[in-house]
Every structure is written in C-alpha cells, then in structure tokens.
Amino acid sequence: MAIDDDGYLRPEGWPGSRGKVYLGDIAQAALRALGPHDPPRFAEQPGFDEQQWTLSSRANELQMRITSSPYWGFGLLPNCFLNRIELSGPLGIRARCVHDLVASVGRNPWEPSRLRQFEKVTGCEAARHRSAWKDLITRASEDMSEEIDQLEDSLRRLKGSDEAVSGILDAAGMAISEARAALADRNAPAVERALGRATSALIEADPDTEVRSSETNAQRASPRTNTINQDEVEAGHLLDEVPFVDLSDED
C-alpha cells in the first residue's frame, strides 16, 4: 500500500504517492470489516520500518484507530508485530465489526507468535485478550440470532392465515433457515442477505402491509385503462372529417 502527500492510505501505484506501508492481514481485515469508510489517514507515518505506524478511519458512528508496532526482535521479524485496534461507537456496531474481522482472517487474531513477549508488551494476559475478542463475537452473534428469531415469530404468526400466500411463506422459511446456517459459519454478509429475502417475503405475505392489496387494485384498474385507450384509438377516424383549407395561394 502507498501513502499520498496528505497522509492518506492509497493503493499501490497511486499517482504522487511518496511512501509505502505494510499493513498485514489483521489491519487489512479490520478496515474491510469497518465497511464503507473514509480513506484511512496516518497520524504516525512509517519511516524506515514500514510496519510501524498509526492510522485511523471512520464509518458513520464507528471510529477505528490501528497502531502497529513490534513487540519482539526490534522490528526485524515480520511475525512479531502487534496491531492495537481501538474502536469507538455503539457496542452492537463494534461487536459486528470484530465478528466480521475474525471471520475474514480465518485464524484467531489474539494468538501471538511469541506469547510471553506479547503479554509483557501489552500488559495483559493472553486469556484476557481472548475473552475481550470472544465477548464481542458472542454479542454480534446474539444480535443476529435475535433478528432471526423475530422473523421466525412473524412467520409463525402468518402461517395458516391465507392459503394464497403459502408459497411466499415457504420462501421466507427457507431464507430464515439459510440465515441460521450462515450464522453458524460466521458469514455475516450471507446472514444479512438471507434476512433481507425473508423480510421481503414476510412483508409481501402480511395483509397489514397492504402490499398484495395494492397489487390487486392495480390489476383491477388495468382493464379500465385499456378500455379508455381503446376508445381513444377508435375515435381517431373523426380526424378524417375535419375540412382542410389550403391558404397558400391567397394574397
């Protein structure tokens, strides 16, 4: 990655960039988990060591600050750097960010290469690091599970109310099952997509939303509209009876 003249993080090869930085997989995953965000800006730019820096970014209510520094080997060992990630914002949003970070990395980011040195530099035992991460992951999972439960309650309420929407409700039930499976895989984006499909189906099936009644009214209005258009077309022959006067030869 590169740094531009204003200290913003840019892709490699950015025009006018004047420095390079090595983020590492954890920092890159953290920025991805932040979602659509402002361009990250460096509060402390890397010097000779491309892995020692501090940057920050914001995505709506969530503020992220990442500090990279060595904890062993004077910065000579690429696997002995730590990323201190500070999140500021509502607890639910912070939890979701951490959940997505861990899911995308594919390993436990709280497990260092050299445990003793890591605990000494951070001033915290590995068990406390693990607990802090796990607590946020659990909170995010519980929030998504609660959303799924709410949709299931809506599905049970609508079942058997109208045979005409049984197919729509079956689709909603399938989407809810897919959401639970995605949650078990820690695939939050897939959970959101499945919940979106389930929500759309339930809205369509719910008589209180008036979605189906609006469609029915529109269908009833269509024949009348066609009749009006037909009358307009059939009245076109009246134009042939309008007399035509040529005034081009008059003085």
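The values are calculated or read from the model by the stated rules, or taken from the named source; none is laboratory data. If you're wondering where the values come from, they're calculated on a predicted model, not measured in any experiment. Note that each Cβ is placed from the backbone with ideal geometry, even for glycine, and that neighbours are counted across all protein chains shown.
Name every residue in region 114-131 that is surrounded by 15 or more Cβ atoms within 10 Å (Cβ to Cβ) and not in a helix (DSSP H, G or I), in order of residue number. If the condition is that a residue be surrounded by 15 or more Cβ atoms within 10 Å (Cβ to Cβ) and not in a helix (DSSP H, G or I), then Arg114 is the only one that fits.
Once region 132-177 is narrowed to residues that are hydroxyl-bearing (Ser, Thr, Tyr) and assigned to a helix (DSSP H, G or I), the residue that is farthest from the chain's Cα centre (by Cα) is Ser166.
Being surrounded by 15 or more Cβ atoms within 10 Å (Cβ to Cβ), modelled with pLDDT under 90 and among the small types (Gly, Ala, Ser) is the requirement here; does Ser141 meet it?
no
Just one residue in the set Arg107, Arg114, Arg156, Arg128 is touching a residue at least 12 places away in the same chain (Cβ under 8 Å) and basic (Lys, Arg); that residue is Arg114. Restricting Gly196, Gly106 to those that are loosely packed, with under 14 Cβ neighbours inside 10 Å, within 30 Å of Tyr71 (Cα to Cα) and either under 21 Å from the mean Cα position of the chain (by Cα) or outside the structural domain of Ser69 (by TED's automatic domain parsing) (or both) reduces the list to Gly106.
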